[in-house]
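Values quoted throughout were computed directly from the atomic coordinates according to the rules given, and no laboratory measurement underlies them. These figures come from a predicted structure and were not determined experimentally. Here Cβ is always computed from backbone atoms with ideal geometry, including for glycine, and neighbour counts include all displayed protein chains.
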Amino acid sequence: MTGGPRIRVLPDALIDQIAAGEVVERPASAVRELLENALDAGATRIAIDVEEGGTRRIRVVDDGRGIHPDDLGLAVTRHATSKIGTLEDLIAGGTLGFRGEALPSIAAVSRLTVRSTVTGGAEGREIVIDGGGAPKLKAAAPVPGTTVEVADLFYNTPARAKHLKAPGTEWGHIQETVTEVAIGWPGVHFVLTHNGRPARTLPPAQGLAERVRQVYPKELTEQLVPVDAEDPEAPGRRLTGLVARPGFSRTGREHQKWIVGGRCVRVPSLAHAVYAAYETALPAGRHPVFFLRLDVARAAVDVNVHPAKREVRLDDARGLHRFVRHAVADALGSFRGNTLRLTRLGASGTESPASDWEARVRQAAVNSLVTAREPGATALAPLPALESRVAAGPAPAPSPLTEAPAKVLGQVQGTFILIAQGDVLRIVDQHTAHERVLYERLVDRFAAGQVPSQRLLVPFDLALPPKAAALLAAHAEALGKLGLEVEPFGGDAFLVRAVPEPLTGRDLSRLIDDLVDDLGHLPGPEAALAERLSPLLATLACHAAVKSGDALSAPQMERLVADLDRTRNPHACPHGRAITATLDRKALQGLFDRTWETRG
């Protein structure tokens, strides 16, 4: 009888190495597993010492409860653990490490030494395993806590060792791992060294916010605003942490951390909720910064989704999404702090060399300053986009951004409005500012069902490509709710019979092109109507707003600045571009090499 290879049970050593491939991907994976074991043991102080990026040696020392001498041999046996005893324990996932995989998986691909003494114990015990071989037990000094040494990681699996990166790269991954664990456990003292040199010391912190400020530079943390909210619909559900203020974003997602159950994990649905909370305050291709902790009932979290526990699944995903989006949006809406400072940041929220800013500001100040009061200065009269279509009634109160009143000085390059406010010079982009004002008014009017429209005396006709025509026809009803009345006129042709009031007299061909582009990227039907139509409202506001190069009169500038300061988000336009930058007294003096007060 012939056939393929017979089925057989794999040797234990090979099984251990296969399991190690799931748990120990690189030195940082081993560090994470050892840290989680230490935290589960109640450690309050953990020291991590690595050599050559963890490839030569990893040593983790903790002051936790220790391992009973009679259990040390079991601790390195596959699927042996003190953390679960029933299926219910496994599902609850009340500890960080719970499958009994970490130590035996590490032992299968390294030279492992574990020394441990239980709290109050009179004797210690040590176990040594070389590449998954037979364990060797012996007595050790009774030092409270546990010390784990991992030497020559992957020495017996060369196929995996060759895929390790340079020691410097592996060291970077270890630093990030320790950072993530420390953020999840702010009350624990962490000490990290590399090749015998101190790398980071993190004393106990009062909470997540304080820990983040310990870890990350001031240039980042001062851009963050606090979040602290409880879900009234789900007792015990709470969101705390920090998110980046409107107008500050990054090109990557490396500073996005979710803490659930003390573990830094990926939760795509909750990350999406944070993005949704920013609405239109994120430029294309930019990402928010956030450090958030979600507290929920243990039974609501499934930690058995990923072998390395990097992802979790949460119950009531829709309710959580709504709660997180509203909590973050409330935090962003309550932020009224200072706007971008030119000494550190460019107008897009990215780092910019001071010399570049100095050159740009000096050039603008010397060559392009035109005040509205200068003889011969031009102005749009009556500038209906500002006065007739937006503003009505008395001017708003002075700016709440500082206690000092705002005094408009004039325009720069027909684009920027200069404002003196106490010791601060504010520079406002007139287009993005007016865009923000119009957008929020359109949003409010849409919510109230009162988006005003203006019927055209002569309908505007247009023809579109087939795909664009199909999108426009499919969303004609939604556009009608925004004040834009579009009627099919046979084939791929349409008639525009009415437009939102602020858009009277604007280029309708370009507007329709941009709206059609937005229609192709709208969120799915599961999103709220307001969320789906928000990009369209942003496009309407953009087309209705004053443009770069429009000369404004002094009253128009004053009114625009006052209207801006009454918006919920005066920092970014609906498409995420920054509106305002500031130069304080120190920055202004620095532009002219004035490093101290002088009258000369």
(request) May I ask you to evaluate 6.51 cos²θ - 1.76 cosθ + 1.60, the Karplus curve with θ = phi - 60°, for each residue of region 424-439 and list the ³J(HN,Hα) values in order in whole Hz, giving x for glycine and proline? (result) 10, 9, 9, 10, 10, 6, 5, 5, 5, 5, 5, 4, 5, 4, 5, 4
(message) Quick check: the distance between the Cα centres of region 563-582 and region 412-449, to the nearest angstrom?
(response) 6 Å
(message) With θ taken as phi - 60° and the coefficients 6.51, -1.76 and 1.60, list the Karplus ³J(HN,Hα) couplings across region 469-483 in order, rounded to whole Hz; mark glycine and proline as x.
(response) 4, 5, 5, 5, 5, 5, 10, 4, 5, 5, 5, x, 5, 8, x
(message) Let me spell out the model: positive unit charges on the Cβ of Lys and Arg, negative unit charges on the Cβ of Asp and Glu, origin at the Cα centre of region 208-334. What dipole size does that give, in debye rounded to 20?
(response) 440 debye
(request) Mind ranking 34-47, 470-483 by how tightly packed they are, going by the mean number of other C-beta atoms within 10 angstrom, highest first? (result) 34-47, 470-483
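Could you list the GluC sites (Glu not before Pro) in region 112-177 that lie in coil according to DSSP, counting only those with at most 14 other Cβ atoms within 10 Å of their Cβ? Numbers along the way, then the final one.
On the way: sites: Glu123, Glu126, Glu149, Glu170, Glu176; in loops: Glu123.
Qualifying residues, ordered by number: Glu123.
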(request) Would you please give the residues with an amide H less than 5 Å from that of His189, counting only those at least 5 places away or on a separate chain, with H modeled from the backbone geometry? (result) Arg45, Ile46
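Counting other beta carbons within 10 Å of each residue's own, what order do Arg237, Arg32 fall into, fewest first? Intermediate values should be presented prior to the final figure.
Values: Arg237 20, Arg32 27.
Fewest-to-most ranking of Arg237, Arg32: Arg237, Arg32.
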(message) On a 25 Å Cα-Cα criterion, which of the cross-link pairs Lys407/Lys586; Lys218/Lys547; Lys407/Lys547; Lys257/Lys586 come out too long?
(response) Lys218/Lys547; Lys257/Lys586
(message) Using amide H atoms built in the peptide plane, which far-off residues or other-chain residues are under 5 Å from Glu311 H to H?
(response) Arg266, His306
(message) About the Cα centre, and with charges only on the beta carbon of Lys, Arg (+1) and Asp, Glu (-1), how big is the dipole of region 120-249? Nearest 20 debye, please.
(response) 360 debye
(request) Quick one: which residues, 5+ away or cross-chain, put their amide H under 5 Å from the amide H of Ala572? H built at 1.01 Å from N. (result) Ile579
(message) As a footprinting exposure proxy, order Val191, Val408 by other Cβ within 10 Å, with the fewest listed first.
(response) Val191, Val408
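As a footprinting exposure proxy, order Arg56, Arg115 by other Cβ within 10 Å, with the fewest listed first.
Working: Arg56 16, Arg115 23.
With the sparsest Cβ surroundings first, the list reads Arg56, Arg115.
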(message) Just to check I understand the Karplus step: with θ = phi - 60° and J = 6.51 cos²θ - 1.76 cosθ + 1.60, what whole-Hz values come out for region 47-55, glycine and proline as x?
(response) 10, 10, 10, 10, 10, 6, x, x, 6
(message) Quick check: from the Cα gyration tensor, does region 454-505 come out rounded (a/c under 1.5), prolate or oblate?
(response) oblate
